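Remarks on the structure that follows.
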Amino acid sequence: MIDFELTAGQKNMQKMIHGLAQGMMRKWARWADDNEHKRVDEWVNFMWGALKGMGGGMGSMDKKIKPAAEGEGEKKEKKVGSQNMQLSVMVEELSWGDGGLYLAMPFPGLGGAAVMAAGTPEQKERFLKRFTEGSPKWAAMAITEPGAGSDSAAISTTAVKEGDKWVLNGEKIFVTAGKNSVEDSEGFVVAWATVDKSAGRAGIKSFIVEHHTPGMKVTKVEHKLGIRASDTAAIVFEDCKIPLDNILGNPEVKKGFRDVMATFDATRPMVAASAIGVGRAALEEVQKQFKDAGVPVRYGMSANNMTSRERDLMMMEAQLKASRLLSWRASWMADAGIHNNMEASAAKAKTGKAITWITQKAVELLGPLGYSRKILVEKWLRD
Amino acid sequence: MVSFMPSEDQKMIQDMARDFAINEIRPKARDCDEGDTVPESVLQAGWELGMVNAVLPAECGGSGMERSAVTGALMCEELAWGDLSIALALLSPALFCYPVMECGTEQQKKTYLPKFCEAKFYRATSALVEPQFDFDLSALKTKAEKKGGAYVLNGAKCFVPLGLNAEQYLIWAALDGKPGYENVAGFIVGRGASGLKIGEREKNMGIKALETCELKLENLEVSADNRLGGEQGCDFGRVASLSKVALTAMASGVGRASMEYAKQYAKDRVAFGEPIAHRQAIAFMLAEMSWEADAMRLLAWEAGWTLDKKMEDGFKSACLAKLYADQSVMWITDCGLQILGGHGYIREHPVELWLRNARGFATFEGLGTV
């Protein structure tokens, strides 16, 4: 049955996170933007306390990573989960608070997601238990290289088996929360490396590298246009030795790349959800400013008779809705076990374009106020 | 719980409409456009499938199926994928009978609905659009003034589908010429009423196969009994919202048609030694066309869902969906034409027809109903 109503549980969670976003994230958003790479202790400690109590978010992680089931044609009634939808709602709300602070949460993140998706029970215990105890920790995912971005099959970081170790060599860039994960906390990073360059994609495997492992170094933290609350690191591996059982999934060259790529089918809708949160923040600010100034927004009149402001604002709203619906569809498919590779990609592609446009329009519609750093709208455009 | 899965009943209706679009509509679309006509046999065939009357109440002779804007959207998308003119012609009688079903008085339902449950396609329609550049649903210029026990209507209407030979018209007018949705009322007028002047067949840029005409209302007297919903009137905002959802779904169908055709063409057409689909300039355009058609569909579903649930923001959702679709469908069909290059401009291919039809969405309101 086609339905767009969140469950009572989802609504409660949305409300709770909204309070947090309003009360804590908005308060620090500008400071974190002005003080790139400085940790917002109040936020980090608060979230660590909250997430640690919930098992480091591992409970929801566990379900989040359920890979899209094959064999959709099966007649057997499948139970539709709601974990991806739930996460979509959470991420939108957190990003409404602040897109950077959301990424700077001490949380297993993408690195944890990879372990949950492909790790053995022993690996899950060894790498994820830390998120339930001690001081704040992060985990990161290292895929991109200076010469390989979306073309992940072109990865040139190598992993060579020597005795009872894997030896990693290569350079990773654009690692979200990389510094937090491997230098500033007792976390880890999951790095993609090839065990057989001639095998192309089939040779690419994921390796878990512990914080402060000799041979691993954070060489740079990027200065970015936006999302400054979250560090984006370059990590170099030079004869970096890790235990043999720090490989995720099947070490055989034949298998694995599809699983690795399936991670993106789950994470792309979340990136979209994050952008939607930022776009909604910008839209709501414009609506508020218009309302305070008594600028009417008249729904239901002919587009020809609207003011330019009304038309822009309504298109922003419609674009936001369209983005959210496409992203929810992809999340719902993941929950229903339907292969969603195309829909997940489309959701992220559409949303990226739409939210960039929406936040740009917000800056434009608010005139000098929009361009000023007094309010957050210009930051949302940069984010 | 959020779900994007149509129910079994909805899938059945969607399949029925899709089969009809593939087998009965699409093959005739070009000839209909060139000949400015939709064959009676097509209208009759769609009628017999229950596209209009399945949801009419059993006591009037209908099948009494639950009326749902979401289900209607599923059907409208498929029919419009076949051809927009034919889809609009098939559903024209619904422009009359659905508002009567939804907000008519008991007497009005008893009098008018049984005709729609008979075997033969019943020509009925509604007159809403007006021939002025600032036409606006919220500020109709056609006026209805109460005089004694009757209303007197004055004004002009255009784009009245199947208007030349309709048996019944539902004419929308502003009470005392006042603006606002709350002041719009519907009036049931039979063919031959004095003061109802039927104009000539209109010649439009697109949806050519759909017969439309102008109406002139000159001191047209309508008894108070024939005001839709009686003294209480009707919720015109809701009627308009349902129409916007249907049109959004139709825009999705037209957009998808163009996207699918251009995609196949780009795979087959070889230039510089490879299919043009391999060029990113083409591939990116196709990808975006595809998700835009999906976006229109989902906006129609969501708005339809809010209307089915009678939620407060149903009106707003419908307005936003339609505003989005108006732009999106023009963009998609323009890309479709562009991908075919010079061939797209030639009438041997359907993409120019879809472009002309798509241009209509931003112009007409209330031409479609669920």
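The values are calculated or read from the model by the stated rules, or taken from the named source; none is laboratory data. Note that the structure is predicted; figures quoted are calculated from it, not measured. No Cβ is skipped: glycine too gets one built from the backbone with ideal geometry, and neighbour counts run over all protein chains shown.
Key figures for this structure:
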| quantity | calculated |
| --- | --- |
| Helices (runs of 4 or more DSSP H) contained entirely in the stretch A:303-375, each with at least 3 residues that are of a type in the set (Val, Ile, Thr) | A:341-365 |
| Every residue from the stretch A:111-122 that is surrounded by fewer than 24 Cβ atoms within 10 Å (Cβ to Cβ) and within 12 Å of the chain's Cα centre (by Cα) | A:113 |
| Condition met for residue B:294 (of a type in the set (Asp, Glu), within 10 Å of chain A (Cβ to nearest Cβ) and in contact with a Leu (Cβ under 7 Å, 6 or more places away or on another chain)) | yes |
| Whichever residue in the stretch A:277-297 is assigned to a loop (DSSP other than H, G, I, E, B) and in contact (Cβ under 8 Å) with a residue 12 or more places away in the chain and, among such residues, is nearest to the other protein chains (Cβ to nearest Cβ) | A:297 |
| Flag if residue A:337 is over 18 Å from the mean Cα position of the chain (by Cα) and more than 27 Å from residue A:267 (Cβ to Cβ) | no |
| Hey, residue B:108 in contact with a strand residue (DSSP E or B) (Cβ under 6 Å, 6 or more places away or on another chain), more than 14 Å from every other protein chain (Cβ to nearest Cβ) and at pLDDT 95 or above or not | no |
| Matching option when the condition is over 26 Å from residue A:292 (Cα atoms) and of a type in the set (Phe, Trp, Tyr), among A:357, A:328 | A:328 |
| Any hit, the stretch B:261-273, residues being more than 9 Å from chain A (Cβ to nearest Cβ) and crowded, with 23+ Cβ neighbours inside 10 Å | yes |
| Unique residue being more than 8 Å from every other protein chain (Cβ to nearest Cβ), on the phi < 0 side of the Ramachandran plot and free of Cβ contacts under 8 Å to residues at least 24 places away in the same chain when the list is B:285, B:289, B:311, B:330 | B:311 |
| Unmet requirement for residue B:267, which otherwise passes all of (1) without any contact (Cβ under 8 Å) to a residue 60 or more places away in the chain; (2) of a type outside the set (Val, Ile, Thr); (3) out of contact with any strand residue (DSSP E or B) (no Cβ under 8 Å at 6 or more places or on another chain) | (3) |
| Residue B:245 vs. criteria under 30 Å from residue B:144 (Cβ atoms) and modelled with pLDDT under 95 | no |
| Residues being within 14 Å of chain A (Cβ to nearest Cβ), among the acidic types (Asp, Glu) and surrounded by 16 or more Cβ atoms within 10 Å (Cβ to Cβ) - total across the stretch B:1-51 | 0 |
| Looking only at the stretch B:39-79, and only at residues there that are in contact with a Cys (Cβ under 7 Å, 6 or more places away or on another chain) and assigned to a helix (DSSP H, G or I), the one that is nearest to residue B:122 (Cα to Cα) | B:53 |
| Any pair with Cβ under 9 angstrom, 6 or more apart, that starts in the stretch A:120-136 at a residue that is part of a helix (DSSP H, G or I) and ends at one that is among the basic types (Lys, Arg) | A:130/A:137; A:131/A:52; A:131/A:137; A:132/A:52 |
| Selection within the stretch A:298-334 - under 18 Å from residue A:81 (Cα atoms) and more than 9 Å from every other protein chain (Cβ to nearest Cβ) | A:327, A:330, A:334 |
| Total residues in the stretch B:143-193, condition more than 17 Å from residue B:234 (Cα to Cα) and not small (Gly, Ala, Ser) | 15 |
| Selected residue (only one of B:304, B:233, B:255 is under 30 Å from residue B:105 (Cα atoms), more than 9 Å from chain A (Cβ to nearest Cβ) and small (Gly, Ala, Ser)) | B:233 |
| Extreme residue, nearest to the chain's Cα centre (by Cα), among residues of the stretch A:269-312 that are surrounded by 15 or more Cβ atoms within 10 Å (Cβ to Cβ) and among the polar types (S, T, N, Q) | A:274 |
| Members of the stretch A:161-185 that are in contact (Cβ under 8 Å) with a residue 12 or more places away in the chain and either exposed (fewer than 14 other Cβ atoms within 10 Å of the Cβ) or at positive phi (or both) | A:161, A:162, A:164, A:170, A:174, A:177 |
| Top-ranked residue in the stretch A:194-221 [being of a type in the set (A, V, I, L, M, F, W, C) and at pLDDT 95 or above; ranked as nearest to residue A:261 (Cα to Cα)] | A:207 |
| Among (1) closer than 23 Å to residue B:112 by Cβ; (2) surrounded by 20 or more Cβ atoms within 10 Å (Cβ to Cβ); (3) in contact with an Asp or Glu (Cβ under 8 Å, 6 or more places away or on another chain), the one test that residue B:238 misses | (2) |
| All positions within the stretch B:258-290 that are assigned to a helix (DSSP H, G or I) and β-branched (Val, Ile, Thr) | B:276, B:282 |
| Selected residue (only one of A:327, A:323, A:345 is surrounded by 24 or more Cβ atoms within 10 Å (Cβ to Cβ), in contact with a Lys or Arg (Cβ under 7 Å, 6 or more places away or on another chain) and over 24 Å from residue A:32 (Cα atoms)) | A:323 |
| Residues of the stretch A:315-363 satisfying the condition of being without any contact (Cβ under 8 Å) to a residue 40 or more places away in the chain and at positive phi | none |
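Yes/no matrix, rows are residues, columns are (1) assigned by TED's automatic domain parsing to the domain that holds residue B:193; (2) crowded, with 22+ Cβ neighbours inside 10 Å; (3) among the acidic types (Asp, Glu):
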residue: B:94; (1), (2), (3): no, yes, no
residue: B:99; (1), (2), (3): no, yes, no
residue: B:102; (1), (2), (3): no, no, yes
residue: B:109; (1), (2), (3): no, no, no
residue: B:132; (1), (2), (3): yes, no, no
residue: B:150; (1), (2), (3): yes, no, no
residue: B:158; (1), (2), (3): yes, no, no
